[in-house]
Amino acid sequence: MRAVLMREQGGPEVLKVEEVPVPERKTGEVLIRTEAIGVPYYEIQQRSGALPAGELPAVFGHEAAGTVAEADDAALVGRRVVAMSMAGGAYAELFVAPREDTFPIPDDLDAVNAVAAAVPASIALALVRTAKLAKGETVLIEAGGGAIGGYLARFAADQRIIVTTGAGKAASVEHLNPDLVLDHDDPGWRAKLPDGIDVVFAAIGGPETTELLDRMTPGRGRILVYGLLSGALPSITAADLLPRGLTMTGFGGMGFIADVRAARPPALDRVAGGLRTAIDRTYPLDEVAKAHQRVESREVSGKVVLLP
Ligand SMILES: NC(=O)c1ccc[n+]([C@@H]2O[C@H](COP(=O)([O-])OP(=O)(O)OC[C@H]3O[C@@H](n4cnc5c(N)ncnc54)[C@H](OP(=O)(O)O)[C@@H]3O)[C@@H](O)[C@H]2O)c1
């Protein structure tokens, strides 16, 4: 089968389409013939070396939608599904994913929209559920122009919402009806925040995250850290949190996966019901390097999807 193999981390050119053996499916896994493959931002960081990429060479990618070719349960064969695997292997004609991370695609949802939305919508729903938002709270959504940020804004629509986005991109988040939009490419953006922020969905990270603390509601403010778009996690410590009575929770790895799995069916239903994320462009698998360049350029408005 054709697949994108990564032998080393580096620029987009390290991603090469090659003929590789069909992956072996083990018990508890599903073999999927892919129709659409997602390119989330963290994969840009894994490819470039900003995040670890595991053992190489390996078939790259973590999210795909398609049709089940093999499964323990024969009734699943032929079903349209969307799946993700932390073990990689999604940038390929055939992809093995854990059964527990494979979900039926609701009718009326095509593969491109399913893969674009499944992971961000379910992560956003899990985050919003964990935040236990109270009516009227003020919520800061970092990188609101991204897929997860967009769903966070829509799932927290009853709150007062502050959204950050890249320079010149404020118009792209207008549909989220934010109360305030700040440009996160401006190094001084945190100084422009109002007081009384109750919840921060923190995707950017870095040492400057501490600048948020004095804007947060003492005793009630909570920071939910789920991304490190700047390349570094927030450098906040207990010594920062304790005197202000704030909490900070990390969302990642196996500790968060149960919440994300539980959120996936209701999130997919919301997507099928019309809560889509924008599709920026699709690229054939052969143009995987162009797809990565496009996401990395940050000129995108919406998701980039590969077609095998
Ligand atoms: N914890 C988890 O389980 C989990 C799972 C998946 C993803 N994530 C993380 O969630 C974050 C967002 O993912 P996504 O899928 O929503 O991304 P996406 O749809 O690909 O969008 C990327 C977003 O990142 C922003 N961005 C890129 N570089 C940035 C920088 N240096 N500073 C500030 N913003 C920057 C872009 O903003 P502009 O172009 O508007 O500037 C855009 O909003 C990523 O950090 C990813 O690693 C976490």
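The values are calculated or read from the model by the stated rules, or taken from the named source; none is laboratory data. Note that the structure is predicted; figures quoted are calculated from it, not measured. All Cβ positions, glycine included, derive from the backbone under ideal geometry; neighbour counts span all protein chains shown.
Residues of the stretch 197-211 being surrounded by 14 or more Cβ atoms within 10 Å (Cβ to Cβ) and in contact (Cβ under 8 Å) with a residue 24 or more places away in the chain, which ones?
Correct list: I197, D198, V199, V200, F201, A202, A203, I204, G205, G206, T209, T210.
List the helices (runs of 4 or more DSSP H) that sit entirely inside the stretch 219-308 and contain at least 3 residues that are in contact (Cβ under 8 Å) with a residue 60 or more places away in the chain and either of a type outside the set (D, E) or not assigned by TED's automatic domain parsing to the domain that holds L51 (or both).
Result: 253-272, 288-297.
Considering only residues of the stretch 172-196 that are more than 15 Å from the ligand (Cβ to nearest atom) and of a type in the set (G, A, S), which is surrounded by the most Cβ atoms within 10 Å (Cβ to Cβ)?
Per the criteria, the residue is G196.
If you check I148 against the conditions, is it crowded, with 19+ Cβ neighbours inside 10 Å, in contact with a helix residue (DSSP H, G or I) (Cβ under 8 Å, 6 or more places away or on another chain) and part of a helix (DSSP H, G or I)? Reasoning before the result, please.
Details: crowded, with 19+ Cβ neighbours inside 10 Å: yes; in contact with a helix residue (DSSP H, G or I) (Cβ under 8 Å, 6 or more places away or on another chain): yes; part of a helix (DSSP H, G or I): yes.
Answer is yes for this residue.
I'm trying to understand the selection: among the residues of the stretch 1-60, which are more than 16 Å from the ligand (Cβ to nearest atom), assigned to a helix (DSSP H, G or I) and either touching a Phe, Trp or Tyr at 6+ places or on another chain (Cβ under 6 Å) or of a type in the set (D, E) (or both)?
Result: E13, single match.
Can you find, within the stretch 148-171, the residue that is nearest to the ligand (Cβ to nearest atom) among those that are among the aliphatic types (A, V, I, L, M) and under 24 Å from A118 (Cβ atoms)?
Among them, the one singled out is I148.
Which condition from (1) modelled with pLDDT of 95 or more; (2) under 21 Å from the mean Cα position of the chain (by Cα) is the one that L94 breaks?
(2)
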